[in-house]
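We did not get these values from a lab; they are worked out from the coordinates using the rules stated. Owing to the predicted nature of the structure, the values given are computational and were not obtained by experimental measurement. Heads up, the Cβs are rebuilt from the backbone with ideal geometry, glycines too, and the neighbour counts pull from every protein chain shown.
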Amino acid sequence: MSVKDKKFLEAEQRFLTGENFYAQHLLGVHKEGDDYIFRVWAPNAQKVWLVGDFNEWDDSLPMEIREVSGIWEVKTALPQEGEKYKFKVRQANGREIMKIDPFAIRFEERPGMAALLHTVPTKKWKDGLWRGRQKRRNTFKRPLNIYEVHASSWKQHPDGTPYSFADLKDELIPYVKKMGYTHIEFMPLMEHPLGMSWGYQLTGYFALSSYYGTPKEFQDFVEECHLNNIGIFVDWVPGHFCINDDTLPYYDGTPTFEYEDPNRAKNNRWGTICFDLGKPQVQSFLISSALFWLEMYHIDGIRVDAVSSMLYLDYDDGPWTPNHEGGNRNFEGFYFLQKLNAVIKLAHPATIMMAEESSSETKITGLIENGSLGFDYKWNMGWMNDVLRFYEMDPLFRKDNFRLLTFSFMYMMNENYILAFSHDEVVHGKKSLMHKMWGDRYKQFAHLRNMYTYMMTHPGKKLLFMGSEFGQFLEWKYDEQLEWGNLDDEMNLKMQHFTSTLNQFYENEPALWELEDSRETIEIIDADNLNDTVLSFIRKGKMKKDFLIVVLNLAPVERHDFTIGVPYPGTYQEILNTEMEEFGGTWTKHNSDVQTIEQSFKKFDYQIQTVLPSLGALIIRPKDINVRVQKKVRKATKVTTEETKKEIQASKLKGGKVDSSPKK
């Protein structure tokens, strides 16, 4: 047996056992000398033919099956680069149907579904400095501020056609850099037949959607981002796939990629089909897809969509089948996600893995050895829901619902969180973030600035969906570009300026991310001021002098001589005021520097007094303080180490809230 044959048999065996993480080198289409060899996995098919432009779509190229693996193959010199092809499959019941190549890296433009014979040229990447720097960085102790983008509706040409990645390279990258974001996260870029799905109902797991341009254009885009110190994340959907008959569903006429149990195979809520995450061949397919995107395009991380649907058998609408223990846990999904993260972290340790997950029953982030799924970050859906409910509320009722704003302090260290105001919150009649805010137009902008300040100063990484940075009033439409005309309005333009200022402030302030993976990062000043509806806390860096005081006034009342507890005596300076005129407010100058008063406030020995703007947020920095003073010990505020441990344990048990809202 030749070395080549031996390697092929090994790759085939690894595919069958769920350990071939480069399955695209085994299946799909490959050049061998003057010939192309095509392979497709369809173990229960009666017959398979290769059909395409090169043989007039007839039955002249039958494929042969490898009985051990169920892989069909044929070698031919007929095809030419760029020609379309499919596999004609005689399924187990005798039905004949055209099917896509699951491993194709290029498809024709929709609504067509044929794969294109496409060879991506080898790229000589120039982003080695960026990638090397990422390997040495501890992401948990660095700023992470994500601009979420739907590639085809960020901006469009005058005729309504979407920007390609060549266009986005020229316009999106400078914009993101100017706005001060550290990363761009794209909603799924893989091939999908229906724009209305926003890319969440995939067909081509190895193919960049032809709607967005060529693979080379996307490679060049990512490279340019890295040269501008911008990271790239991509959404990926391993839980479910498009139901279209000519794509993956029941590929050979039997459950192939999907579960055998129809209750588990069909996703009623989203009208899709669920991958059988326990099937070894499916594991090889999906993990190969994830690694392909990381290596082919040098992306910096993956956000796994709809993780809850992979963890719980009863997550979907309609009937469900309990597991062998009689419960609702999807063990196959749980162990697949652990395997996915283990493989990716072994191959590419610097990759950032994120989960969109809406329950509190499963540990999502942290070490797999400790029982978690192994993700780096989890979207904090409970925080997002609570905060939006609060800011939508009439201020008259906020004092009775203040816990919506403060509850997250109880569980904020249970996971490594991303605080996300995402695309899901600005569609389907939910209104834009700007439109959700209570009050008239002026107050809506004031609320938006206040809320963004809370997001930026609350422990957790950040994500904001495109258009929200300048307060777009209309809901997002997947088939139209953002309302860039809003920027002709001075208020929107000032809102954009505020967001940019806040982003850059966040990136430049270690107190907002340096200790973020520990409880030392935050100290509450006052979370019980219900009557005034004011929240205040401290964010801390490594050095004693490196801290910021955050004060949020959630009432439309300006408060004079407002008392704030501080840890050290000295002078304090206001460095950010959301009601400054340059941001759209009415204030023309900052509050003056203030001296401490040696008078206790709650657990603090000192206090300062300042003016809180109506619906405004302040950030105050120590200017000249004495950190060597001995803190007074008051029995009323002293907490023993054992009591602290109990409090932390109690907060862990409470966990986050469950988001049961409909999705996509």
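Expressed to the nearest 5 percent, the antiparallel share of DSSP beta bridges inside the chain is 70 percent. The N138 and D528 beta-carbon pair, evaluated with R₀ = 35 Å, returns a calculated FRET efficiency of approximately 0.50.
Spacing of the modelled spin labels on E325 and K632, each 7 Å from Cα toward Cβ, amounts to 5.4 nm.
Counting neighbouring beta carbons within 10 Å and listing from fewest to most, the residues I37, I344, I287 come out as I37, I344, I287. Within region 492-522, find all residues whose amide N lies under 11 Å from a label point positioned 7 Å from the Cα of D546 along Cα-to-beta-carbon. The answer is 509-516. For the chain, the dipole from Cβ point charges (+1 on Lys and Arg, -1 on Asp and Glu) about the Cα centre works out to 2640 debye, to the nearest 20. Cross-link pairs exceeding 20 Å between alpha carbons, from the set K177/K461; K443/K494; K266/K339: K266/K339. For the pair E32 and R441, the difference between a 0.36 nm per residue extended length and the Cα-Cα distance amounts to 140.8 nm.
Karplus-derived 3J(HN,Hα) values for region 478-484, using 6.51 cos²θ - 1.76 cosθ + 1.60 with θ = phi - 60°, are 5, 9, 10, 6, 4, 7, 4 Hz; glycine and proline are entered as x.
Using just its DSSP H runs of length 4 or more, each adding -39500 (n - 2.57), the chain gives a mean residue ellipticity at 222 nm of -8000 deg cm²/dmol after division by all residues. Counting only alpha carbon atoms, the long axis of helix 331-347 and the longest principal axis of the chain meet at about 80°. Take the Cα pairs of region 152-254, get the Kirkwood Rh, then feed it into Stokes-Einstein at 20 °C and 1.002 mPa s and tell me D in µm²/s. Translational diffusion coefficient: 144 µm²/s. Remark: region 38-43, residue by residue, has Karplus-estimated 3J(HN,Hα) of 10, 9, 8, 8, 8, x Hz, where x stands for each Gly or Pro and the curve is 6.51 cos²θ - 1.76 cosθ + 1.60 at θ = phi - 60°. In order along region 529-543, the phi-based Karplus estimate (6.51 cos²θ - 1.76 cosθ + 1.60, θ = phi - 60°) of 3J(HN,Hα) comes to 7, 6, 5, 7, 6, 10, 10, 9, 7, 10, 9, 10, x, 5, 7 Hz; Gly and Pro are listed as x. Would you mind telling me the antiparallel percentage of the DSSP bridges in region 142-512, rounded to 5? So the antiparallel bridges amount to about 25 percent of the total. For I625, the residues 5 or more places off, or on other chains, whose built amide H falls under 5 Å of its own are T571.
Placing unit charges on the Cβ atoms of the charged side chains and taking the dipole of the chain about its Cα centre, the candidate lying farthest along the positive direction among Y205, S592, N503 is S592.
In this calculation the C-beta distance from T76 to T122 is compared with R0 = 30 Å, giving a FRET efficiency of 0.80. The dipole here belongs to region 514-603: it is taken about the Cα centre, uses +1 on the Cβ of Lys and Arg and -1 on the Cβ of Asp and Glu, and is about 320 debye. In terms of packing, defined here as the mean over residues of other Cβ atoms within 10 angstrom, the peptides 456-467, 269-280 line up highest first as 456-467, 269-280.
Given a Förster radius of 35 Å and the C-beta distance between S600 and D517 as r, what FRET efficiency does 1/(1 + (r/R0)^6) yield to the nearest 0.05? Plugging the Cβ-Cβ distance into 1/(1 + (r/R0)^6) gives 0.65.
Ordering K169, K47, K177, K589 from the fewest to the most neighbouring beta carbons within 10 Å gives K589, K177, K47, K169.
Amide H contacts of N529 (H built 1.01 Å from N, in plane; Pro and chain starts excluded): V534 sit under 5 Å, all sequence-distant by 5 or more or on other chains.
List the longest stretch of the chain that has no exposed loop site; here a site is one of the GluC sites (Glu not before Pro) assigned by DSSP to anything other than H, G, I, E or B, with at most 10 other Cβ within 10 Å.
Of all site-free stretches, the longest is 326-597.
For N267, the residues whose amide H sits under 5 Å from its own are T272, I273, C274, ignoring neighbours fewer than 5 places away on the same chain, with H placed 1.01 Å from N. Within the shell of other residues whose beta carbon sits under 10 angstrom from the beta carbon of W513, the net charge comes to 0, with Lys and Arg scored +1 and Asp and Glu -1.
Residues D386, D34, D489, arranged from fewest to most other Cβ atoms within 10 angstrom of their Cβ, appear as D34, D489, D386.
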